[in-house]
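Visitor: Structure below; questions to follow.
The values are calculated or read from the model by the stated rules, or taken from the named source; none is laboratory data. Bear in mind that the values here come from a model prediction, so they are computed numbers and not experimental data. Don't worry about glycine lacking a Cβ; one is built from the backbone with ideal geometry, like all the others, and counts go over all protein chains shown. Side chains included, ligands, DNA and RNA excluded: accessible areas come from the protein's heavy atoms. Shrake-Rupley method; radii C 1.70, N 1.55, O 1.52, S 1.80 Å.
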Amino acid sequence: MKQELAPTGTATLLEQISDFVPDDFINELLVGQRRRGRKRHWTPAQLYRLLLLTMLTPAHSFNLMLRLLQEQRSWRKFAHLPNRYRLPAASQLHDFRDLLGTKGLRRINQFLLEPLLQTLSLERQTIGLIDATDLPAATSAYKKS
């Protein structure tokens, strides 16, 4: 029996997909890319999970997501955050997204796709996968001119 995914933005969906986030792979991928500066309080996997929250919840900006994070226990549990008061800043999420870049997102996608592709039958000749990691965001679409 196939289990359907819960609606987007629900705690049930976050519970269903939490085990599929490759935390160890993400931590290993970015272990050598630390920069000078302050001590890092957050692992790359925690920051990646926070990036996912902006896509999986109604909070589509870092600032709004971080404001709502204090009230949302299921979001903090998904991101493996220890408590409701110590949270990363929005600037840290922006820096992490820049550090990860398109190349890092592609490597994570490839890691997630490998098990799926191995389950396909060999008789299948073609398969189409949609990858939009390198498309530019429409960030200035609604600005006044």
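Visitor: Can you tell me the FRET efficiency between residue 43 and residue 5 if r is taken as the Cβ-Cβ distance and R0 is 35 Å, rounded to the nearest 0.05?
Guide: The formula returns an efficiency of 0.85 here.
Visitor: Let me ask another. Extension gain residue 68-residue 113, at 0.36 nm per residue separation less the Cα-Cα distance, in nm?
Guide: Between residue 68 and residue 113, full extension yields an extra 13.1 nm.
Visitor: Around residue 76, with a cut-off of 12 angstrom between Cβ atoms, what is the net charge of the other residues, counting Lys and Arg +1 and Asp and Glu -1?
Guide: +4
Visitor: Under a Cβ-only charge scheme (Lys and Arg +1, Asp and Glu -1), can you give me the dipole magnitude of segment 59-101 about the Cα centre, in debye to the nearest 20?
Guide: Rounded to the nearest 20 debye, it is 260 debye.
Visitor: So how far apart, in nm, are the two label points at residue 23 and residue 85 if each is 7 Å from Cα heading toward Cβ?
Guide: Output for this residue pair reads 2.4 nm.
Visitor: What ranking of 23, 98 comes out by heavy-atom accessible area, probe 1.4 Å, highest first?
Guide: So the residues, ranked largest to smallest area, are 98, 23.
Visitor: Using a 1.4 Å probe and ignoring any ligands, DNA or RNA, find the accessible area of residue 31 and quote it in Å² to the nearest 10.
Guide: Roll a 1.4 Å probe over it and residue 31 shows about 100 Å².
Visitor: How much accessible area does residue 20 have with a 1.4 Å probe, in Å² rounded to the nearest 10?
Guide: For residue 20, the solvent-accessible surface is approximately 150 Å².
Visitor: For 76, 49, 124, 86, what's the largest-to-smallest order of accessible area, 1.4 Å probe?
Guide: Descending order: 124, 86, 76, 49.
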